[in-house]
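**Student:** Have a look at the structure that comes next, please.
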Amino acid sequence: LIDFAAELVDAAKRTEEFGADLVPSKKACRWCPANAANKCPAIERETQAVVAASFDMLTPEKYSLEQIADFLAKAPLVEARISALREFAYQRACAGETIPGFKLVDKRATRKWKDEAEATKQLGLIPGAMVTELRSPAQIEKLVGKKDFKQISDLVEKQSSGQTLVPNSDNRPSVVVAQLTDFDIIEE
């Protein structure tokens, strides 16, 4: 155990050396500051290989099965990088910056009961409305039909779970992001 601990400490110190062997993986790079800043040369090499490949169904013999397996193994790194880029752009948009060609919009709103106790009281006698608890508004609408559901629509509210960044071609209206300059300083 002592030998393993010493080996581990030595290996950790070697990672800080210039030109250290970097072996990127989705799990290993999760907390690395170089990965978070998109400045890891090893991940850059791995993702460039996948991105540069052209997958054409008309020429399936272009890549061997081993090369395809290698691309598939590297795919999580590319996906993680794309995810980091989306999150970075989203955070900048939330900070009030305009990303050319993109806008911040509300996510699709979901329906829920305004007051579940009141909805249960009014709908509890409908056959199939209750299982162990009251079904969702969408399930009740399917059960009673759209026409009858309109009569109880006052029990339902639509609520968005946040915002998302989408291309300008999306037909949803963009949201206005409150900025720090929108707030006045209150003097004591």
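The values are calculated or read from the model by the stated rules, or taken from the named source; none is laboratory data. Source: prediction; values computed, not measured. Don't worry about glycine lacking a Cβ; one is built from the backbone with ideal geometry, like all the others, and counts go over all protein chains shown. Areas reflect the complete protein model, heavy atoms only, side chains present, ligands, DNA and RNA absent. Shrake-Rupley method; radii C 1.70, N 1.55, O 1.52, S 1.80 Å.
**Student:** Within region 82-101, track down each residue that is hydroxyl-bearing (Ser, Thr, Tyr), without any contact (Cβ under 8 Å) to a residue 60 or more places away in the chain and open to solvent by less than 90 Å² (accessible area, probe 1.4 Å). Full working, then the answer.
**Tutor:** Going residue by residue through region 82-101, those that are hydroxyl-bearing (Ser, Thr, Tyr) are 83, 90, 98.
Subsequent filtering for residues that are without any contact (Cβ under 8 Å) to a residue 60 or more places away in the chain retains 83, 98.
Matches in region 82-101: Ser83 only.
**Student:** Residues of region 45-75 being part of a helix (DSSP H, G or I), exposed (fewer than 15 other Cβ atoms within 10 Å of the Cβ) and not hydrophobic (A, V, I, L, M, F, W, C), which ones?
**Tutor:** Scanning region 45-75 gives Arg45, Gln48, Pro60, Glu61, Lys62, Glu66, Gln67.
**Student:** Mind checking which pairs have a first residue in region 51-63 that is under 15 Å from Val78 (Cβ atoms) and a second that is open to solvent by 90 Å² or more (accessible area, probe 1.4 Å), Cβ under 9 Å, 6 or more apart or different chains?
**Tutor:** From region 51-63, the pairs are Ala53/Lys62; Ser54/Lys62; Phe55/Lys62.
**Student:** Follow-up. Determine which member of the set Leu104, Leu123, Leu134 is in contact (Cβ under 8 Å) with a residue 60 or more places away in the chain, over 30 Å from Ala49 (Cα atoms) and either in contact with a Leu (Cβ under 9 Å, 6 or more places away or on another chain) or not hydroxyl-bearing (Ser, Thr, Tyr) (or both). Steps first, please.
**Tutor:** On the way: Leu123 fails: in contact (Cβ under 8 Å) with a residue 60 or more places away in the chain; Leu134 fails: in contact (Cβ under 8 Å) with a residue 60 or more places away in the chain.
Checking each option against the conditions leaves just Leu104.
**Student:** Go through region 64-104 and count every residue that is closer than 18 Å to Ala28 by Cα and of a type in the set (D, E, K, R).
**Tutor:** Adding up the residues that qualify gives 4.
**Student:** Let me ask something else about it. State all residues of region 11-44 that are of a type in the set (A, V, I, L, M), part of a helix (DSSP H, G or I) and under 16 Å from Ala84 (Cα atoms); if no residue qualifies, say none. I'd like the intermediate steps shown before the answer.
**Tutor:** To start, the set of residues in region 11-44 that are of a type in the set (A, V, I, L, M) comprises 11-12, 20, 22-23, 28, 34, 36-37, 42-43.
Restricting the remaining residues to those that are part of a helix (DSSP H, G or I) gives 11-12, 34, 36, 42-43.
Matches in region 11-44: Ala34, Ala36, Ile43.
**Student:** With respect to the numbered conditions (1) in contact with a Cys (Cβ under 7 Å, 6 or more places away or on another chain); (2) modelled with pLDDT of 85 or more, which one is the sole condition not fulfilled by Gly101?
**Tutor:** (1)
**Student:** Looking at region 1-33 only, could you name the residues that are open to solvent by 100 Å² or more (accessible area, probe 1.4 Å) and either among the charged types (D, E, K, R) or touching a Lys or Arg at 6+ places or on another chain (Cβ under 8 Å) (or both)?
**Tutor:** Result: Asp3, Glu7, Lys13, Arg14, Glu16, Glu17, Asp21, Lys26, Lys27, Arg30.
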